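Before any comments, here is the structure.
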Amino acid sequence: MQDTLMVLEASYDWRLILLSIAIACTGAFVAFEINRRLTKLTEKKQIYKWIFIGSIVLASSIWSMHFIGMSAYQLHIPMDYDSRWTVVSFFAAFAASFTAFFVLHQKQSSISALLSAGLITGAGIAAMHYTGMQAVSFAGQVTYSAESVIGASAIAVVGSFAAFALFTYMKISRPLLQRVGASLFLGLAVSSMHYTGMEGTSFCIPETYSLFLTPDPVVNQTSLLTATITGTAVIFISVQWILFQEKRWFHETHYKDAITGLHNQRFWMKQVPSWNEEFKVIIYADIMRLRALNQSYGFTSGDAVLKQAAEMLQNRISPESFVFKSEGSKFLLCLKDADNFTADEQLSALQLPYEANVFQDSQRIHLSLCFGGTAVESSTPPERLAAQAEIALAHAKQQERTLFFYEEKNHQDLSDEWMEMSLRKALQNKEMAVYYQPQARAYSGEVNKVEALIRWQHPDYGMISPGVFIDAAERFGLIMPLTIQVVEKVCLQLKEWQKAAAPIQRVSINLSPLHFEFVDANRQITEVVHRHGIPPEMIEWELTETSMVENLQQMAGQLLELEREGFYIALDDFGAGVSSLTRLQDLPIHTLKLDKQFMNGFPGSDKKQQVIQLMITFAELSRMEIVCEGVETKEQLASLQKMNAGFIQGYIFQQPVPASELVFSFAPLTNSEGNAISDQEK
């Protein structure tokens with residue numbers, strides 16, 4: 001006669017319940033953190049590696065949560081676990097986790113991807129739970145209610161979907177609160193599924209086995225320790241792995257150049273002070289006309305040239321010497337005497353001709369490199385040596401020499417210390433002057449727009465080029481005070497013009513690319529304009545196309561902020577970079593300034609005229625004003641008038657002058673029909 005089955009009574013250890021939930025939530029958080037870092041990767045091999053690690057963490061936390069939860073569910077009879085089904089249960093969780101993360105990474109913002117990931121993960125959690133239950137071995141049998149299976153599975157799917165939706169919704173910034181929330185959703189989904197499923201699970205034994213029941217609940221210590229150690233160990237190791245990768249990424253992004261793979265100058269500056277006892281010479285090397293090469297062959301070929309230049313420089317110095325990547329097209333070299341290759345011999349090798357492969361058309365081109373160096377002295381700090389080498393490089397370019405060495409007696413006045421001190425003094429004493437260059441209407445010659453250009457007339461050294469002191473102001477953190485001083489002077493001048501009923505309606509002021517890196521830069525310049533009572537529409541902020549391409553995402557929001565204030569925005573050097581025309585139409589650009597290099601040889605070939613006409617037409621169709629810079633001849637003016645150019649800026653009208661010398665009309669240069677007149681007509 002068959003024995004009647006009796007359902008065993010069970011109790012829960014709340015401490016183990018809390019431990020299981022903590023393991024699930026912590027594992028979910030670590031897995032999400034790993035998945036979040038996938039956005040930094042581009043190589044498929046690396047992506048799959050991170051997905052694999054994240055899946056291991058999530059699967060381990062789900063698996064550990066289940067078996068810790070099983071230990072919390074205490075019966076008065078011993079239970080054991082079949083090792084084969086235990087392994088199968090882990091792989092069920094792993095397969096679901098890997099598939100879900102893979103789907104999310106392919107289409108992070110897709111609703112279908114979220115639904116798929118939620119369904120896959122929920123099914124994986126349910127599969128892990130019930131295969132884990134299949135591993136249970138005891139003197140009886142396990143039964144399940146259909147309601148609990150359906151309910152537990154639904155909780156797993158819905159909770160997983162909610163967790164992935166919250167995590168994906170925050171895919172850009174993902175504040176810590178949202179990341180923790182997503183982890184809690186998933187961890188609680190796993191836990192809720194488990195304990196809901198356990199509520200509909202019955203452990204039954206024949207009544208004749210009741211003699212084997214123990215007075216106290218029996219806990220499988222081996223199972224509990226295995227699950228706890230596995231979960232915590234995997235999470236701990238994964239956290240350490242993330243920290244290691246973060247440190248490596250920080251090193252890669254802060255101390256290595258992405259194009260050449262060389263350590264950058266920031267890394268060199270962090271070296272131990274004893275380095276200057278080992279090296280003999282510090283050299284700055286610069287690839288001349290790299291910008292022109294980028295324009296001719298594209299930035300891909302330009303990057304390839306940088307890589308080749310780095311390799312050639314490394315091959316021409318001793319293994320004991322080093323090459324570091326500086327900004328732009330520059331390299332920093334530290335030369336050390338070697339047994340068979342002295343520093344002087346390395347300098348000679350560096351000056352030999354250079355050739356590079358341009359991959360676009362598989363032809364080799366000659367590269368022109370310029371070098372500026374300084375001898376190393378143990379008492380001179382690295383910053384000072386780098387400044388000396390940079391000064392020497394500037395003189396090498398100016399004198400068109402391949403190599404130039406810094407000499408204290410010749411360069412002392414041009415040192416960084418002197419430049420910084422003089423700049424601070426000039427700003428404090430408001431020595432900077434603002435000159436204005438007219439932007440005349442192409443047909444009428446009338447001037448109602450001007451560009452403000454800063455000038456520094458040093459009391460001892462005369463006129464110092466803006467190309468020198470603006471770069472220095474950016475390096476010494478003085479660019480914002482310099483900009484504010486220019487805005488102040490422009491506002492005062494606008495008030496003077498208003499009193500004199502001058503026709504000036506707008507002044508263009510250049511903004512440094514660094515302006516958009518300061519948090520409150522827009523507020524500072526806006527406050528100056530408002531304080532002087534100048535209508536914002538009388539100010540046009542001008543930025544270069546190159547700086548816009550390099551910092552587009554960062555600058556877009558700040559440009560919109562300036563536009564909302566009522567200011568105009570001008571894009572300088574248009575056509576000299578690689579801006580997307582479609583992207584420009586979506587940005588708050590009101591004026592395009594055609595780069596003056598287009599005037600070289602213009603009017604010349606039909607092709608050059610067609611390119612300029614295309615840009616003028618683009619501006620007109622996009623409802624932007626266009627200013628043609630660098631116009632110097634009547635032939636250029638006449639051709640631009642025929643092309644319906646808007647404004648002309650160049651020496652044909654007037655060079656930058658003080659406000660008192662500014663001319664407001666150039667009508668004599670055009671006849672009544674709006675065409676430039678020839679010398680014979682004049």
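Local charge for Ser71 was computed over the other residues whose Cβ lies under 12 Å away, with Lys and Arg +1 and Asp and Glu -1, and equals 0.
What FRET efficiency do you get for Glu527 and Glu632 if R0 is 41 Å and r is their Cβ-Cβ distance, rounded to the nearest 0.05? Please list the in-between numbers first.
On the way: r = 39 Å, r/R0 = 0.95.
In this case the efficiency is close to 0.60.
Here each label is just a point 7 Å from Cα along the line to Cβ, and for Asn644 and Phe236 those points are 7.5 nm apart.
Each peptide among 44-53, 622-631, 20-29 gets the average number of other Cβ atoms lying within 10 Å of its residues, and from highest to lowest they stand as 20-29, 622-631, 44-53.
Note on Trp541, Trp268: ascending count of other Cβ atoms within 10 Å places them as Trp268, Trp541, the fewest first.
What FRET efficiency comes out for Gln399 versus Lys608 if R0 is 35 angstrom and r is the Cβ-Cβ distance? Round to the nearest 0.05.
Details: r = 32 Å, r/R0 = 0.92.
For Gln399 and Lys608, the calculated efficiency is 0.60.
Within 10 Å of each residue's Cβ, count the other Cβ atoms and sort His515, His395, His254 from fewest upward. Before the final figure, lay out the partial values.
On the way: His515 21, His395 18, His254 11.
Listing His515, His395, His254 from fewest to most nearby Cβ atoms yields His254, His395, His515.
Between Phe91 and Ser444, the modelled label-to-label distance comes to 8.3 nm, taking each label 7 Å out from Cα in the direction of the beta carbon.
Derived scalar couplings between HN and Hα for segment 615-621 equal 5, 5, 5, 4, 4, 5, 5 Hz in order, rounded to whole Hz, by the Karplus curve 6.51 cos²θ - 1.76 cosθ + 1.60 (θ = phi - 60°), x for Gly and Pro.
Each reported figure results from applying straightforward, stated rules to the coordinates on display, with no laboratory input. Computed from a predicted structure; not experimentally measured. All Cβ positions, even for glycine, are placed from backbone atoms using ideal geometry, and neighbour counts span all protein chains on display.
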